[in-house]
Structure formats: structure tokens, C-alpha cells
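First comes the structure, then the notes that go with it.
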Amino acid sequence: MSKYYYLDTIKLDTIKLVTIKLDTIKLKLKYMGKINKTIEQFYTKPKTHQELVKNIKELTDVSISVEHPKIIIKLGEIKKRHKFLLLKDKANGQLYFICLPVEKKENHRDILEFAEKSYGKDFQLLDGGYVHTEDNKLIVDGISDIWVTGDREIIENILRKRFPDIEIEVEAIESFDSD
């Protein structure tokens, strides 16, 4: 009988330990949710068919106004840096800032192909790099794998205007060596 009692104690201790770990994870997630409330919009996944249709429409609609850049920021895993491109429509000068989950678009070239196919446009590459978040900040840094380095001030202005309630941090590119 003592064996059973001992096994039951181990099982109970294991269950308590698992419960404590789950509670800790839930607490961390709850805390993270509060910290990242302002940037949550970049990670939100569609939960219904209507939300999915809305997301697809948002991705594929072309902005009518050249004065307002098309901005798409869809991020995947929170701990990863996701790739972006700043593109300019060669026909009318419309700017496009497109950042997609690295899980979906592994290379900057994939984003360019996505944009050209989705919008049926010929784009000039202005800049590329990475986007990630920390706390309540949206951070733009790094350089693309298709050798484009641009003026990060354009990106900073576009994002600050579109997201005034979010802290935007943009790392300037001092120099780039193509070797």
C-alpha cells in the first residue's frame, strides 16, 4: 500500500509542479499582453472567415491616394525579426511599406514577388530590412538580402504618421559594404 501511496504522492507533486508552471506561463502571457497591447494589432490572426476576407482585402487593395503610402505590417512569431521592403510604384510614385511574417516570406525577394503579383505593378526598391517589436516599440533595423539601402527617415516618417500611439525606433544605415 505504501507503494501506491508513494506513487500517488509523486503524481500529485508532478501535477502540482505542472500546474505551477502553467500558472507561471499564463501570468507571463498575461503580463506580456498588457505590455504589448499597442502592438498587438501586428500579430492578430483572423478568427473568422469574415476577418480572413477582410485581411486579404487589406493586403490586396491598392491605395487610391498617392499621398498616403500603403502600409502592411503582418508579423508572425513574436520573438522573430520579420522582413520588410519599402517600394515605390514606378508609374505613379505611390509608396508601399510591406512587412510580412518570415514564416510566410523567407526572403526579401519573396516580398517583392508577392507585391508585384498582388498589385500588378512594377516597383522600384527603396529600402529593405527587418521589423520586430520590444515592449511597446516597433523597431526597424538591418538590411535586406537584395542589396538595397535607403533613407530610413522616409520609413520613420511614414510609420510615425500612421501609428502615432506607437513608439517607433528606426536604426539608420550608416554604411553598407556589398562584399
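The values are calculated or read from the model by the stated rules, or taken from the named source; none is laboratory data. Just so we're clear, the structure is a prediction, and the values are computed from it rather than from any experiment. Note that we place each Cβ from the backbone using ideal geometry, even for glycine, and neighbour counts take in every protein chain shown.
General observations
- Qualifying position, being surrounded by 13 or more Cβ atoms within 10 Å (Cβ to Cβ) and modelled with pLDDT under 90, among ILE56, ILE98, ILE71, ILE64: ILE71
- LEU126 buried (at least 16 other Cβ atoms within 10 Å of the Cβ), closer than 18 Å to ARG162 by Cβ and modelled with pLDDT under 90: no
- Screening ASN92, ASN55 for residues that are over 20 Å from GLU171 (Cα atoms), polar (S, T, N, Q), touching a residue at least 24 places away in the same chain (Cβ under 8 Å) and out of contact with any Lys or Arg (no Cβ under 6 Å at 6 or more places or on another chain) leaves exactly one candidate, ASN92.
- Of the residues making up segment 133-143, those that are part of a loop (DSSP other than H, G, I, E, B) and either closer than 21 Å to ARG162 by Cβ or at pLDDT 90 or above (or both) are ASP135, ASN136, GLY142.
- Cβ-Cβ distances below 6 Å connect the following pairs, each with a first residue in segment 33-46 that is closer than 19 Å to LYS83 by Cβ, a second residue that is among the β-branched types (Val, Ile, Thr) and modelled with pLDDT of 75 or more, and a separation of six or more residues or different chains: ILE39/THR133; PHE42/ILE73.
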